[in-house]
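The values are calculated or read from the model by the stated rules, or taken from the named source; none is laboratory data. Note that the structure is predicted; figures quoted are calculated from it, not measured. Backbone-built Cβ (ideal geometry, glycine too); neighbour counts: all protein chains shown. Protein only, heavy atoms only, side chains kept; ligands, DNA and RNA dropped before computing areas. Shrake-Rupley method; radii C 1.70, N 1.55, O 1.52, S 1.80 Å.
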There are 2 protein chains.
Amino acid sequence: MTDLGDVLARLPHEIVVTDPELIASYIRDESRFTEHAPPGAVVAPRSTAEVAATLSLTHEVGVPVVTRGAGSGLSGGANGLAGCLLLTTKRLNRILEVDPVERILVTQPGVVTADVRATAAGAGLMYPPDPGSVAMSTIGGNVATNAGGMCCVKYGVTGDYVLGLEVVLADGRILRTGRRTMKGVAGYDLTHLFVGSEGTLGVITEATLRLVPAPRDPHTVLATFGDLTAAGRAIDGISTSRVTPSVFELLDETTIRAVEDRSPLGFDLTVGAVLLLQSDSLNAAADAAELSEICSRSGALEVAVSEDRDEARALLEARRLALPALERLGDWLLDDVCVPRSRIVELLRGIERTAAEERLTIGVFGHAGDGNMHPTIIFDAADHASSAAAHRAFDAITATALRLGGTVTGEHGIGRLKTKWLERELGPVGLDAHQTVKEAFDPRWLLNPGVVLARRGPRRSP
Amino acid sequence: MTDLGDVLARLPHEIVVTDPELIASYIRDESRFTEHAPPGAVVAPRSTAEVAATLSLTHEVGVPVVTRGAGSGLSGGANGLAGCLLLTTKRLNRILEVDPVERILVTQPGVVTADVRATAAGAGLMYPPDPGSVAMSTIGGNVATNAGGMCCVKYGVTGDYVLGLEVVLADGRILRTGRRTMKGVAGYDLTHLFVGSEGTLGVITEATLRLVPAPRDPHTVLATFGDLTAAGRAIDGISTSRVTPSVFELLDETTIRAVEDRSPLGFDLTVGAVLLLQSDSLNAAADAAELSEICSRSGALEVAVSEDRDEARALLEARRLALPALERLGDWLLDDVCVPRSRIVELLRGIERTAAEERLTIGVFGHAGDGNMHPTIIFDAADHASSAAAHRAFDAITATALRLGGTVTGEHGIGRLKTKWLERELGPVGLDAHQTVKEAFDPRWLLNPGVVLARRGPRRSP
């Protein structure tokens, strides 16, 4: 019997997935050009105890484990690996508690994020994080990747709402981190060490989330600009104003054309950039007026303000269509970089130069308020030269972000896509610190091996 | 030559502190009943490079290192240890950068927190965290303890404003964590592993802090209640309202009497509890009206609303006087526990029972909006029975907080005061995870040994 077969034989047969089609569907997430393979086997545990039993066995026998939520990731963090046991959280799908006085929600990892948000809304509260995949991604995947979204400019990222976790460690022991209280400094912040660790340090089996009061309906501002320079002036003006927008998004010319081509929304196709802004504050009307004024003063071609809820949803939908619209132009390679927000225009100019040099179409959209941009490279995967150009462009864009004082990933994570880039961003001491943490929690490197970090040789004694 | 003498001889003589009085003054922080001793020697490095040189030597030779900011801590985290090298950050006292567009401030650790706040204010921005010690504590100490304060109910704690750190590791290597951008998920969140680690994982030599727009002048509400039950109704009512107060403080009867006794502010001495509330939102006037209405509806005896800036400062000062006023009553032992905010009244009732049982005066004040309370036990240190009663009361209060779903420290940290309580809160798996992290970063247990965690024996192989 193989090692993996040994593990499977000792687990409850009800949790072992046998449907070959289903197993094959777990070969990779939504990323492109990331290493992947059909998993050796798939288990779908129904409880923390079954996750613990699984990891206890894989640790004993030495089988690698890949944890998968909805598989909506864009960096390969949930890709299958030959011979691995893939653990899907899909049956850990219950919201365990909502407490409107303490404003906390306790959930299992396999719940779809939109359902977490809907449950919070049902209690008159809000769970803010809204990654683009909110309708399909799971809260466990969101926590494991510290997912972002459009809300971040005002509300922060997933990790800002995680008070505590239950995690099954590599050897099957069950760890509880954090707390249910608003504050607490008892010991190290292990909670946020697991947040964003992409399944490499443990398997998250429960999360205690912080909720906030539901905001008012937002007021929305849509501003079009003739060129990036004018949009950049508006970004700086808004960033230094007293208004905190709840949405602060940018779409470039290529993206606008692609969106308009897919779903005509009446955009003037000669515009060079669009800013989409919202305020959901108590003074949303005054905020919208100020945002609008800043855009006009910065040289906007047109500025439209709306306080209509349905119109606001339609405008946000246009933004959510950016990636699907760009996907229609060909094969795509999506980047995710974050720069200081005053450097966004430099980043976009650099991307324009890269696109020209490589003769590629690159659409850019993203979270201007955070400096977090998603350059989307369009190419022809069947054409070797085009593929090579796309990879060069991807590297050039990531390098540009680092040069501008940015980071190689704003919200999609390292996964299998950017391990080399992480090494470059961290430098040797940072990389060593990461490997040390990995080895402390997973000495056999069995949890999602190859994701975030490459394994190093045996550690020198101190 | 001793090991410590060897280290000192190899360091630049300008950084070695020789004044015996100064060295003696570093014997402990502001805590009571925590182990302390005069340090073996004191160094005051002037640069990150000098910190690195120091730790490189202490690591090589095997000398324990205690890092000290202003020494205002309340848990013994900066206490001297016999034979240790105490490293003071007082000469690392420059603010390196303020960027009003990116809204970041980069500072060395020895800068007083009030100066960080003043510098931010000079740029039209705010650095929110305001621990009680804000006028004397250093930003490095605040980061190392993840300090809180009155702002937390709206603005969060120190860690929520730390984007990145420079840390000298136990062996003298210089690690940079985090980023300068608003978002970023490149690798593990080592930044927040060092935040709150109380000098046990490395020495923080630089912090990149996030700033926010300066708020409006607040509106203040002061409400008095005949008993805790009525105050508890108001706490629940405010916690479930749409108002987010920027200050949400509670003072109990004992504390009110002590404050009034020290600095007469005109409080009715028959009241059982006072709530002090502020809103600095754009709708502060409406918020104050709503807070006031909730207090009245909950049975407040009197409710006063003020929009005057000086009056607001005077009222906050009354709250800041709580500890100094209680200190006048005798020797004191200050606790710091945090419970779900709906359990505050139960916590206070439990403290009342403990005070009656032990025949002690215990004043309670703190951050009602977070559930973070500071029971202050008054006793006679010269009387053995009274001291013993104070210790029993301290343990009983901490146990009550845990039983109510709380944590043993909301903001003061574990230090040397609560290591046993941390073990109880963490449980065996949590404690093991903490020790594993400690050993990963400080394999020789040389950084602030005995703080947060007790050393364990050699680790079993996995």
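How much net charge surrounds B:T2 when only other residues with a Cβ under 15 Å from its Cβ are counted (Lys, Arg +1; Asp, Glu -1)? Around B:T2, the surrounding residues sum to -2.
Rounded to the nearest 20, the Cβ-based charge dipole of region B:102-213 about its Cα centre (Lys and Arg +1, Asp and Glu -1) stands at 320 debye. Backbone amide hydrogens, once placed in the peptide plane, bring A:V17 within less than 5 Å of A:V42, A:V43, A:A44, excluding anything fewer than 5 places away on its chain.
Dimensions of region A:329-415 along the principal axes, based on C-alpha atoms and rounded to the nearest Å, stand at 36, 27, 20, largest first. For B:K420, go through the lysines and keep the ones whose alpha-carbon is under 28 Å away, minus same-chain ones fewer than eight residues off. By straight Cα distance, B:K420 reaches A:K183, A:K438, B:K438. Within region A:410-425, the residues that become at least 30 Å² less accessible when every protein chain is included than when their own chain is isolated (1.4 Å probe; DNA, RNA and ligands ignored) are A:G410. In region A:329-415, a dipole from Cβ-located charges (positive for Lys and Arg, negative for Asp and Glu) runs towards its positive end, and of A:L347, A:V364, A:L333 it is A:L347 whose Cα lies farthest in that direction.
Evaluating kT/(6 pi eta Rh) at 20 °C and 1.002 mPa s, with the Kirkwood radius of region A:19-129 over Cα pairs in the Stokes-Einstein relation, gives 139 µm² s⁻¹. For region B:267-302, accessible area lost to neighbouring protein chains reaches 50 Å² or more, against the chain alone with a 1.4 Å probe, at B:L282, B:N283.
In this rough spin-label picture, where each label sits 7 Å from Cα along the Cβ direction, the B:R349-A:S25 distance is 5.2 nm. In region A:77-103, the residues that give up 40 Å² or more of accessible area when the other protein chains are added, compared with the chain on its own (1.4 Å probe), are A:V101, A:E102, A:R103.
Backbone geometry of region B:113-125 corresponds, through the Karplus equation with coefficients 6.51, -1.76 and 1.60 at θ = phi - 60°, to 3J(HN,Hα) couplings of 4, 4, 6, 4, 5, 5, 5, 4, 4, x, 9, x, 10 Hz, x marking Gly and Pro. Spatial offset of region A:114-188 relative to region B:169-215 amounts to 21 Å, using the alpha carbon center of each. Across the options A:A393, B:A123, B:S279, the greatest Cα extent toward the positive end of the charge dipole of the protein assembly as shown (unit charges at beta carbon of Lys, Arg, Asp, Glu) belongs to A:A393. Model label points for A:E327 and B:R32, set 7 angstrom from Cα along the Cα-to-Cβ axis, are 6.5 nm apart.
Apolar share of the accessible surface for the protein assembly as shown: 50 percent from carbon plus sulfur atoms, 1.4 Å probe. Residues whose amide H falls under 5 Å from that of B:D331, counting only those 5 or more places apart or on a different chain, are B:F379, B:A381, with hydrogens built in the peptide plane. For the protein assembly as shown, the solvent-accessible area of protein heavy atoms averages 36 Å² per residue (probe radius 1.4 Å; ligands and nucleic acids excluded).
Phi angles across region A:42-49 convert, under the Karplus curve 6.51 cos²θ - 1.76 cosθ + 1.60 with θ = phi - 60°, into 3J(HN,Hα) values of 10, 10, 10, x, 9, 7, 4, 4 Hz, Gly and Pro given as x.
Buried surface for the B/A pair, taken as the accessible area of each chain alone minus that of the pair with a 1.4 Å probe, is close to 6200 Å² in total. Working note: 222 nm ellipticity from helices only, DSSP H runs with n ≥ 4, each -39,500 (n - 2.57), summed and divided by the residues of chain A, gives -11000 deg cm²/dmol to the nearest 500.
Would you mind telling me the antiparallel percentage of the DSSP bridges in region A:1-214, rounded to 5? Around 75 percent antiparallel, to the nearest 5. Please label the shape of region A:215-321 as rounded, prolate or oblate, based on the square roots a ≥ b ≥ c of the eigenvalues of the alpha-carbon gyration tensor (a/c under 1.5 means rounded; beyond that, a/b larger than b/c means prolate, else oblate). Oblate.
Under the convention that each Lys and Arg Cβ holds +1 and each Asp and Glu Cβ holds -1, the size of the dipole of the protein assembly as shown around its Cα centre is about 1840 debye.
With the simple spin-label model, which puts each label point 7 Å out from Cα in the Cβ direction, the A:D308 to A:A356 separation comes to 4.1 nm.
Helix A:284-297 axis versus longest C-alpha principal axis of chain A: approximately 60°, rounded to the nearest ten.
Computed packing ranks the peptides B:113-119, A:266-272, A:162-168, A:312-318 as A:162-168, B:113-119, A:312-318, A:266-272, most packed first, by mean other Cβ atoms within 10 Å.
Derived scalar couplings between HN and Hα for region A:81-88 equal 9, 4, x, 7, 9, 8, 10, 9 Hz in order, rounded to whole Hz, by the Karplus curve 6.51 cos²θ - 1.76 cosθ + 1.60 (θ = phi - 60°), x for Gly and Pro. Region A:244-319 and region B:300-335 have Cα centres separated by 47 Å. Counting Cα-Cα pairs of region B:21-65 in 10 Å increments starting at 0 gives whole-percent bin shares of 24, 41, 33, 3. The alpha carbon centroids of region A:43-59 and region B:1-56 are separated by 49 Å. The mean number of partner chain beta-carbon atoms within 10 angstrom of a residue's beta-carbon across peptide A:430-441 is 5.
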